């Protein structure tokens, strides 16, 4: 298994543009987390899904952020419109059922200029 | 609500010195605690969890429910221990769980 796969690895975009980050969790894992990592705030939980259903999105900063999980093998995090303060590394993670270890993707480094 | 506090953003020690990374938590129920590590240019990975009560790479951590702490310790730090360390908490509750991280501590082990 290739592990959790995120794309793109790097994204540079202009303020106001729409950005879509993608995640493919490990096959068979039924939960998925999106985190944002910055120097100031560390790792913030944005949203998590269980069996493709959003369980807790209280960490989503504002309406500009949205996340979907249309099926068990794919999730997206969208920012529209993007702002410079959204610049961060965004991680996706999936834990194995019955095992509390969360496996992380390599992250997407987003820069909004 | 669940919260994890890592009071030190940066920690610098010399090789061979003991190291302790502090972690305190807030949770109304019975938590499960973890330490994750992120080496330079690598993805986050699990280092250890309290229920395993094991030592990984010389690191140990004991859950102290009275002090609501889960400090990470190593008696003799090595240069390859330099990394970002995150303490994390999962609350027990049905089949859904929320994994909350602290802000992290950047450990630098100097030669």
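Taking the criterion of being surrounded by 17 or more Cβ atoms within 10 Å (Cβ to Cβ) and closer than 23 Å to residue A:90 by Cα, the residues of the range B:3-26 that qualify are B:4, B:6.
Taking the range B:27-62 on its own, how many of its residues are more than 14 Å from chain A (Cβ to nearest Cβ) and surrounded by fewer than 18 Cβ atoms within 10 Å (Cβ to Cβ)? Write out each step before concluding.
Within the range B:27-62, the subset more than 14 Å from chain A (Cβ to nearest Cβ) is B:27-29, B:53, B:55, B:57-62.
Keeping just the survivors that are surrounded by fewer than 18 Cβ atoms within 10 Å (Cβ to Cβ) gives B:28-29, B:53, B:55, B:57-58, B:60, B:62.
Total satisfying the criteria: 8.
Yes/no per residue for (1) part of a strand (DSSP E or B); (2) in contact with a strand residue (DSSP E or B) (Cβ under 7 Å, 6 or more places away or on another chain); (3) closer than 27 Å to residue B:85 by Cβ:
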{"residue": "A:40", "(1), (2), (3)": "no, no, yes"}
{"residue": "A:44", "(1), (2), (3)": "yes, yes, yes"}
{"residue": "A:49", "(1), (2), (3)": "yes, yes, yes"}
{"residue": "A:54", "(1), (2), (3)": "yes, yes, no"}
{"residue": "A:81", "(1), (2), (3)": "no, no, no"}
{"residue": "A:85", "(1), (2), (3)": "no, no, yes"}
{"residue": "A:92", "(1), (2), (3)": "yes, yes, yes"}
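Taking the criterion of being closer than 22 Å to residue B:44 by Cβ and at pLDDT 95 or above, the residues of the range A:48-68 that qualify are A:65, A:67. Could you check, for the range A:15-31, whether at least one of its residues is facing chain B (nearest Cβ under 9 Å) and on the phi < 0 side of the Ramachandran plot? There is at least one residue in the range A:15-31 that is facing chain B (nearest Cβ under 9 Å) and on the phi < 0 side of the Ramachandran plot. Filtered by the rule that a residue be over 14 Å from the mean Cα position of the chain (by Cα) and buried (at least 19 other Cβ atoms within 10 Å of the Cβ), the range A:30-49 gives a lone residue, A:42.
Which residue, of A:97, A:84, A:61, is surrounded by fewer than 14 Cβ atoms within 10 Å (Cβ to Cβ) and either within 11 Å of another protein chain (Cβ to nearest Cβ) or closer than 24 Å to residue A:3 by Cβ (or both)? Explain how you work it out, then say what you get.
Details: A:84 fails: either within 11 Å of another protein chain (Cβ to nearest Cβ) or closer than 24 Å to residue A:3 by Cβ (or both); A:61 fails: either within 11 Å of another protein chain (Cβ to nearest Cβ) or closer than 24 Å to residue A:3 by Cβ (or both).
When all the criteria are applied, what remains is A:97.
The values are calculated or read from the model by the stated rules, or taken from the named source; none is laboratory data. Since the model is a prediction, treat every value here as computed from it, not as a measurement. Every residue, glycine as well, gets a Cβ built from its backbone with ideal geometry; the counts of neighbours run over all protein chains shown.
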